[in-house]
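Working notes, beginning with the structure itself.
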């Protein structure tokens, strides 16, 4: 009886564990899916806002990508209609991708033929200052379907021109006819005959060419002789080279002479220095002699005053 | 005179049928509300109730989990291949992955899981409940006792709901991984663009509708067959059994949920 109870208890415990595992699997998968979805929606990524202004945002939906060089760098978060009737396309750009947007960036909105709409950014100068957060820019709208009528009109013009060009009485057909007759004449008379219009003038050109050839042959001979005269063994160039060698030797000798003159000049400079010093000494000597002479003069004056025959020095006034 | 009387009787029959139909739905709704209240009560997950719930959870989910995942993987691979090849041939390969995610993860797999669980678990559970009902196991219900509900019915309802949720989530994850591998191969290089596509598809509104739809499908599969066999009165004029009528009600509700989700997603 107790064995049966224990077995039942064990079975129920095993069932509870397996049920808990299944519930855990469900909770785990749901939590992982929710986190992945939040990550995919860019919830964990810091972003900055960019507002594109357009007259018509047809085809743009929430979630549309903003691409740069084919890579999605932002996502439309909302589309609003402003008070002045302009459409405001609010885009979230992740901060790590915002470096591709500059002050000078251009934004385009293009609609394809199958209804797909693309928002593209073009940054020509990546050295410009980065686009600030919350910036508002006009978007250039390029509609592929809007181009179709113009394209059809231009294509029709093109086809009309082509038809005119290829018609039997067109200028192109006349030109082709002329070319055909010219080629037939070339076959008959050769290209020179067609060019000059008659055989005699064509013959003259041939003779002129022959004479020109002969003249060229003579000029060739002259050139060979001139080469011999200039660059030959006894030519102008070897002699010029020898003259240059001699000139070099003369220049060496002149350099030696100049060195000697330099030494002489140094000696003369020293002599001039000595003479300047001597003249300074002479000035001192002269001042000494002058002083001595003044002393002798004062002494003679003193002797004359003390001498008996000396007359008193007087000054008579008139 | 006779034709007028027969017309009146036809109209009266129609009115009676409509009234019965609405009355049946009302009883099912009331019963579902009662069961949901019991499901939120902690006492339903104690003692013998927990053992019964565990037994039904394991019995209804574990045997079919692997097989259903394998089956949906094979079907997913076929659908992924068809969508990708068709998109490439029309030059629309950039939309292939988005279409695969929308078709498989959002629409087909939850619906398939609900139908599979309904046929594999919910109907047999309803038949068991009908048999118990015939034997008088739920005679106490009329007196207001919650004991039979907690012991016999709630585990079956919760296991049906749980089975739908688990099968749908596991198959969605497997289908998403298979779609990535089929398009990008065994490389991590396509992960950023794949994640971006996933994020673009699962906008907040669409994610909410997807969650509500899956929850609604699981509630319908868990509740409607059992409630039908308990509260649908035998109708001598209808040849179908009560289980079959429950299945019809279930398919009707699944159709309603699916249409509502499509309207919410794409209109």
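The values are calculated or read from the model by the stated rules, or taken from the named source; none is laboratory data. Everything numeric in this text was worked out from a predicted model, so none of it was measured. Quick reminder, even Gly has a Cβ in these numbers, built from the backbone with ideal geometry, and neighbours come from all protein chains shown.
Before moving on, here are some points about what is shown:
- Condition broken by residue A:82, with the remaining ones in (1) assigned by TED's automatic domain parsing to the domain that holds residue A:130; (2) surrounded by 12 or more Cβ atoms within 10 Å (Cβ to Cβ) satisfied: (2)
- Under the condition of being in contact (Cβ under 8 Å) with a residue 60 or more places away in the chain and either farther than 17 Å from residue A:142 by Cα or assigned to a strand (DSSP E or B) (or both), the residues counted in the stretch A:37-66 number 7.
- Residue that is farthest from the chain's Cα centre (by Cα) [pool: residues in the stretch A:80-105 that are part of a strand (DSSP E or B) and within 13 Å of another protein chain (Cβ to nearest Cβ)]: A:92
- Any hit, the stretch A:283-295, residues being surrounded by fewer than 10 Cβ atoms within 10 Å (Cβ to Cβ) and at pLDDT below 80: no
- The stretch B:90-120, residues that are more than 22 Å from residue B:263 (Cβ to Cβ), modelled with pLDDT of 90 or more and within 14 Å of chain A (Cβ to nearest Cβ): B:117
- Candidate set: the stretch A:31-63, residues that are touching a helix residue (DSSP H, G or I) at 6+ places or on another chain (Cβ under 6 Å) and at the interface with chain B (Cβ under 9 Å from one of its Cβ atoms); chosen: the one surrounded by the most Cβ atoms within 10 Å (Cβ to Cβ): A:41
- Residue B:131 passes every criterion in (1) under 26 Å from residue B:216 (Cβ atoms); (2) at pLDDT 80 or above apart from (1).
- Yes/no for residue A:125 being in the same structural domain as residue A:73 (by TED's automatic domain parsing) and in contact (Cβ under 8 Å) with a residue 40 or more places away in the chain: no
- The one condition from (1) in the same structural domain as residue A:164 (by TED's automatic domain parsing); (2) more than 30 Å from residue A:164 (Cβ to Cβ); (3) surrounded by 11 or more Cβ atoms within 10 Å (Cβ to Cβ) that residue A:182 does not meet is (2).
- The condition of being touching a residue at least 60 places away in the same chain (Cβ under 8 Å) and closer than 30 Å to residue A:37 by Cβ holds for only one of A:133, A:69, that being A:133.
- Counting only residues that are assigned to a loop (DSSP other than H, G, I, E, B) and out of contact with any helix residue (DSSP H, G or I) (no Cβ under 7 Å at 6 or more places or on another chain), the stretch A:226-241 holds 3 of them.
- Qualifying residue in the stretch A:304-318 (condition: exposed (fewer than 10 other Cβ atoms within 10 Å of the Cβ), assigned to a helix (DSSP H, G or I), at pLDDT below 90 and outside the structural domain of residue A:192 (by TED's automatic domain parsing)): yes
- The lone criterion from (1) crowded, with 17+ Cβ neighbours inside 10 Å; (2) within 11 Å of another protein chain (Cβ to nearest Cβ); (3) closer than 18 Å to residue B:206 by Cα left unmet by residue A:72 is number (3).
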